[in-house]
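First the structure, in the form of structure tokens, and then the observations on it.
The values are calculated or read from the model by the stated rules, or taken from the named source; none is laboratory data. As the structure is a computational prediction, the values presented were derived from the model and not from experiment. So basically every Cβ, Gly included, is an ideal-geometry build from the backbone, and we count neighbours across all protein chains shown.
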Amino acid sequence: MRIEDTAQDTAKEETAPVPKEEDIVKETWKTMTPGKKLEYLWMYYKGVLAGAVILILLVCIGVSMYRGMHTTVLLNVIVVGGNDLKAEWLEESFAQYADISEKDGVLQMRTNIPDDGGGMTSTTALTTLMGAEAIDVLVCPRSVYEDYDSHDGFMDMKDILGEKASQYGDSVMDTGICLKTGSFLEKEDMTTYDEIYAAVPVNCQNPEMAARFIEFLLQ
């Protein structure tokens with residue numbers, strides 16, 4: 001090989017375009033499995049994704065609150081980390097228990113707030129709903145209950161249940177209830193956590209219906 005040819009090859013290598021980062025990402029993306037793609041998106045865009053989830057939740061909450069202003073809402077129940085497929089079942093079961101018909105008003109059972117261990121998504125959503133007085137009964141895991149209870153966020157169960165409070169034994173606490181293993185919510189896979197707590201916020205708008213729902217959970 002001539003020296004001139006070697007020099008020309010070297011020059012071509014030096015002047016060859018360097019692949020752009022976006023091109024490298026595109027080529028790598030094509031070879032990734034679905035699991036790897038999700039892992040990549042979470043690693044580099046988790047802030048954006050978390051923000052999007054919070055925005056969607058706030059929009060849903062806003063729509064629900066707007067509808068509530070134009071309809072007779074008998075009860076607002078939040079089930080943290082609830083099974084979305086069971087929301088309608090819970091509503092119908094309580095309506096039957098309390099002898100509520102459509103002409104009486106509507107029951108709102110929300111199950112779209114995730115059980116994320118007190119993360120930003122659930123905290124933002126619950127704080128918004130609490131501030132808007134849009135929660136009559138909160139069903140949640142122990143950590144969430146203890147967090148809000150430590151800030152005096154719940155009503156006294158004796159004020160809610162009256163003399164009936166003593167009938168349920170240690171399932172009834174000072175400011176909430178703890179459903180024992182084998183409760184019908186657990187059997188229906190309503191939640192994924194073992195200990196199911198329920199409480200009535202101090203700014204509850206429908207205390208009488210909230211009391212009936214608490215009794216419904218304790219049956």
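So the values come out like this:
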quantity: Subset of segment 185-204 [farther than 17 Å from Glu146 by Cα, outside any loop (DSSP other than H, G, I, E, B) and in contact with a Lys or Arg (Cβ under 7 Å, 6 or more places away or on another chain)]; calculated: none
quantity: Any hit, segment 172-184, residues being closer than 20 Å to Glu88 by Cα, at pLDDT below 95, not charged (D, E, K, R) and not in a loop (DSSP other than H, G, I, E, B); calculated: yes
quantity: Number of positions in segment 123-141 that are surrounded by fewer than 22 Cβ atoms within 10 Å (Cβ to Cβ), of a type in the set (Gly, Ala, Ser) and out of contact with any strand residue (DSSP E or B) (no Cβ under 8 Å at 6 or more places or on another chain); calculated: 2
quantity: Search result, residues across segment 79-89 that are surrounded by fewer than 24 Cβ atoms within 10 Å (Cβ to Cβ) and aliphatic (A, V, I, L, M); calculated: Leu85, Ala87
quantity: Some residue of segment 142-158 being at positive phi and either crowded, with 17+ Cβ neighbours inside 10 Å or of a type in the set (D, E, K, R) (or both); calculated: yes
quantity: Matching residues, segment 173-193, being polar (S, T, N, Q) and in contact with a Leu (Cβ under 7 Å, 6 or more places away or on another chain); calculated: Thr191
